[in-house]
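Structure, as structure tokens:
The values are calculated or read from the model by the stated rules, or taken from the named source; none is laboratory data. Note that the structure is predicted; figures quoted are calculated from it, not measured. As a convention, Cβ positions derive from the backbone with ideal geometry for all residues, glycine included, and neighbour counts pool all protein chains shown. The protein model used for the area step is the full one, side chains on, heavy atoms only, and it has no ligands, DNA or RNA in it. Shrake-Rupley method; radii C 1.70, N 1.55, O 1.52, S 1.80 Å.
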Amino acid sequence: SPESLMQEFGMYLMDGETITTGFKLIRDVVIVTNRRIIDFDKQGATGAKMRVDSINLSSVIHVSAETSGFGLDDSEINISYITSPYYKANTGVSISEKKFEFPKKYNIQVLYKQLQEIAYENHENLNK
């Protein structure tokens with residue numbers, strides 16, 4: 001729940017930032033706030049070491065999803081986002097992609113829809 005995620009990861013939020021949804025993956029945690037996607041990558045044997053990375057929602061330009069099938073397949077959401085400091089650079093825009101893998105138990109359709117709506121709005125705003 002957003003409340004339990006807030007208790008555990010609230011110290012990483014910016015002032016005025018609120019958690020809209022979150023997922024505990026196999027070891028990692030992905031949180032979506034009103035401003036960004038935060039990826040908590042737990043490392044090492046104990047998971048005590050952790051890398052925190054975030055993607056500003058305003059930079060998301062494309063989202064794709066792959067739902068799990070039969071067997072051991074996991075679901076995936078791939079996000080393409082702008083990494084350049086200026087989104088409308090005349091010299092070209094740098095883009096990166098991040099893949100999130102979700103266990104079969106999660107229904108990723110709601111998250112996909114939420115992120116796709118953001119990507120569409122960003123695309124429209126960039127191309128006005």
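A few points about this structure:
- Boolean, Lys105 is modelled with pLDDT under 85 and within 19 Å of Val30 (Cβ to Cβ): yes
- Pairs with Cβ under 6 Å, 6+ apart, first in the stretch 1-27 and farther than 19 Å from Phe100 by Cβ and of a type in the set (Lys, Arg), second open to solvent by less than 70 Å² (accessible area, probe 1.4 Å) and modelled with pLDDT of 85 or more: none
- Given (1) buried (at least 16 other Cβ atoms within 10 Å of the Cβ); (2) under 26 Å from Asp74 (Cβ atoms), index of the condition Arg35 fails: (2)
- Being open to solvent by 20 Å² or more (accessible area, probe 1.4 Å) and either within 15 Å of Gln109 (Cα to Cα) or assigned to a loop (DSSP other than H, G, I, E, B) (or both) is a description that applies to Ser64.
- Pair list, Cβ under 6 Å, 6 or more apart: the stretch 108-127 residue part of a helix (DSSP H, G or I), other residue open to solvent by 80 Å² or more (accessible area, probe 1.4 Å): Ala119/His62
- Number of positions in the stretch 7-32 that are hydrophobic (A, V, I, L, M, F, W, C), open to solvent by less than 90 Å² (accessible area, probe 1.4 Å) and closer than 22 Å to Ile108 by Cα: 8
- If you go through the stretch 104-125 and keep only what is over 12 Å from the mean Cα position of the chain (by Cα), under 16 Å from Ile37 (Cα atoms) and open to solvent by 60 Å² or more (accessible area, probe 1.4 Å), you end up with Val110, Lys113, Glu117.
- Filtering the stretch 78-95 to residues that are open to solvent by less than 40 Å² (accessible area, probe 1.4 Å), within 15 Å of Arg36 (Cα to Cα) and among the hydroxyl-bearing types (Ser, Thr, Tyr) leaves Ser80, Tyr81.
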